[in-house]
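Q: My structure is below; once you've seen it, I'll send some questions.
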Ligand SMILES: [Zn+2]
């Protein structure tokens, strides 16, 4: 839902958008609804969008598919277009790491990392990110082995992420040959190649193996 192409705003929508922004400081902070990560959220044409992405597209036109709008200021609620730049998912992560927001992860105790990793089958990222007061991106990256792989022993596989909940990975895997890949892709809002990768166990291998072991 959050990665939908941003619609072009009319003048009324633009005025309405900026009426929810505090421009009194260098960072223009979003004053209305925020995501659990602290990003501004805005409803447009009955859909919900991230406010900084909307702000970026007001100033710069469209956002190329698959690109992230990142913060130079590392302040999630900020929608100041001068503080925003385009990046890939990798840039976004590298940026977070270099800025030190992900450095919070280095302050996590070993047992916290193991707890977070151990709960990947039963707790959502949102719950864990509130528990430890860290972004859900960090939770995802612990789960995928992108961060703290020394502690968890999870090998990082490029292309694997937790846009899909482990329960859904299992669902997708066991419906191989039963449900069309396009239907699964549409339902879980992911790409069709990602479904194929799950079916071929090229990603989420440990989740699938765990599921297969359960059947034995
Ligand atoms: Zn800012």
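Only the coordinates and a few stated rules stand behind these numbers; no lab work does. All values reported here derive from a predicted model rather than from experimental measurement. Please note: Cβ atoms are built from the backbone with ideal geometry, for glycine as well, and neighbour counts cover all protein chains shown.
Q: Condition first: over 19 Å from residue 136 (Cα atoms) and within 11 Å of the ligand (Cβ to nearest atom). Can you find one or more residues in the range 49-70 that meet it?
A: Looking through the range 49-70, at least one residue is over 19 Å from residue 136 (Cα atoms) and within 11 Å of the ligand (Cβ to nearest atom).
Q: In addition: Kindly list the number of the only condition in (1) in contact (Cβ under 8 Å) with a residue 24 or more places away in the chain; (2) assigned to a helix (DSSP H, G or I); (3) over 16 Å from residue 117 (Cβ atoms); (4) within 19 Å of the chain's Cα centre (by Cα) that fails for residue 168.
A: For residue 168, the exception is condition (1).
Q: Do the conditions hold for residue 57, that is, is it surrounded by 13 or more Cβ atoms within 10 Å (Cβ to Cβ) and over 29 Å from residue 127 (Cβ atoms)?
A: Yes; evaluated as a whole, the condition is true for this residue.
Q: Among the residues of the range 18-47 satisfying the criterion of being surrounded by 14 or more Cβ atoms within 10 Å (Cβ to Cβ) and away from the ligand (no atom under 16 Å from the Cβ), which is farthest from residue 79 (Cα to Cα)?
A: 44
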